[in-house]
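Here the structure comes first, spelled out in structure tokens, and everything after it is commentary.
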Amino acid sequence: MSDIAIRAQGLGKQFTIGGPQERYKTLRDTLADMALAPARRVRSALRGEHRPKTHNESFWALRDVSFEVRRGEVVGIVGRNGAGKSTLLKVLSRITEPSEGYAELRGRVGTLLEVGTGFHPELTGGENIFLNGTILGMKRSEIERKFDEIVEFAEVERFIDTPVKHYSSGMYLRLAFSVAAHLDPEILIVDEVLAVGDAQFQRKCLGKMEDVANAGRTVLFVSHNMAAVRTLCSQTILLRQGQVAAIGPTDQVITQYLASSADDLSAQIALPRSGEGAPGTATTLSFATLAGQPQAEFRLGEPWQMTLEFELFKPLEQVVAALGLVTVDSTPVITYWSQPSDLRAGRYRVTFQCKLPLGPSELQFAVGLSTYGRPFYYVPGLGHVSVSEIAEGEQPANPSRGGLLMNSDVYTIEPAE
């Protein structure tokens, strides 16, 4: 039997963009449009009106992607947002068909691409275990056998009979991951599920994936958390603009990835749109001096500001915008939060001031939007800001990957007994 678990050969995925963009609509709006559409067509024909032509544009999210993964290997996939990582996993998981090329996966596949896919908010945690397990390919007898283990891992025993619409985002995440992780797949495909869990649960997830790997199973792991990729993965694939830029030992590939990120500074970036059905999306993230001068390079000790723009497609209550700062090798620095606000549909802007005494660092950002504590938008690994040089009057600091420079005004130095 071959020791190759995954083989991709010349994979490509083409999408079409362009045409009129529609705002978020409710089911009632959609039904009303369907009912009125025939009358609109007749009226347009009588008036001699014609539908405007749309100019669609095609682009390749993946192009000529080829690689092999051996049985029992844990392989990381890294790259900037929009590099094609999630598209690749969806093709491998048979969620979407490739436009060209082919992929072979030999063995039972477990996927965790979007946390809680298949969960129904009105069903209890226990009922969703059976529903989600069935969607993932588990038999009822298998779910019953592993039910207690799934609940214990997720740490939701007290709330297992509560509808998941009342769960916090952390509880929701833990239960969703637990169901997928206990599928006992021969191949486990994971996409950035560790980003929104707390530190303790992240360690549990890493431990579970290590257990899967140590059992001789294959893991394909996408993450912006370079520390997690280093811990888990022996080999890593770097994607850039939908193509394979590098394949090799994890440390070497991550070094190449971080070096390429450091060359790309921009004072404003367009953010990825949220998925279909989301109530809102972030749109842009920009950086500037306190005087409003756009830039992405700042001196040590210099305060600066970050502006996040987002759009809500419908009114939402208790909306919170969050912006997390991390170093380019995934060391957390700080997270800024806005106060919960009840907002109407429309465009909004929130500005955070960074007055931290940062050491020399290369920073990236995670953007999140939530309502009542439940995230509806989260994207890590965004942007790139550089803090460097020495401001006037400052003492030189040792170069580092980030961190704070803190001086205490009150201290004593005395002999130790």
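The table below gives the values:
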| quantity | calculated |
| --- | --- |
| Proximal charge balance of ASP184 [Cβ under 14 Å; K/R count +1, D/E count -1] | +2 |
| Cβ-based charge dipole, region 268-388, positive-most Cα from LEU285, GLY359, VAL333 | LEU285 |
| Unit Cα scatterers, Debye sum, region 59-262: log10 I(q)/I(0) for q = 0.11, 0.14, 0.18, 0.19 Å⁻¹ | -0.52, -0.82, -1.26, -1.36 |
| Orientation-averaged projected area, Cα convex hull of region 79-171 (nm²) | 7.9 |
| Subset of LYS13/LYS208; LYS139/LYS208; LYS90/LYS355; LYS13/LYS165; LYS204/LYS355; LYS13/LYS204 violating a 29 Å alpha-carbon distance limit | LYS13/LYS208; LYS90/LYS355; LYS13/LYS165; LYS204/LYS355; LYS13/LYS204 |
| Protection proxy ranking, peptides 226-238, 100-112, average beta carbon neighbours within 10 Å, highest first | 226-238, 100-112 |
| Over region 61-128 - Rg/Rh using Cα atoms and the Kirkwood inverse-distance radius | 1.03 |
| Cut-off 9 Å between beta-carbons: net charge of the residues surrounding ILE4, Lys and Arg +1, Asp and Glu -1 | +1 |
| In region 264-320, the GluC sites (Glu not before Pro) that fall in loop regions by DSSP, at most 11 other Cβ within 10 Å | GLU276 |
| Contact order normalised by residue count of region 268-388, Cα under 8 Å, 6+ apart, percent | 28 |
| Residues whose placed amide H lies under 5 Å from that of ALA288, excluding near-sequence neighbours | GLN295, GLN305 |
| Distance histogram in 5 Å bins (all Cα pairs of region 268-388, percent per bin) | 2, 11, 23, 24, 18, 12, 7, 3, 0 |
| Two-decimal Rg to Rh for region 143-236 - Kirkwood Rh, Cα set | 0.97 |
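Every number here is computed from the coordinates shown, using simple stated rules; none is lab data. Just so it is clear, the structure is predicted and the values come from calculations on it, not from any experiment. So basically every Cβ, Gly included, is an ideal-geometry build from the backbone, and we count neighbours across all protein chains shown.
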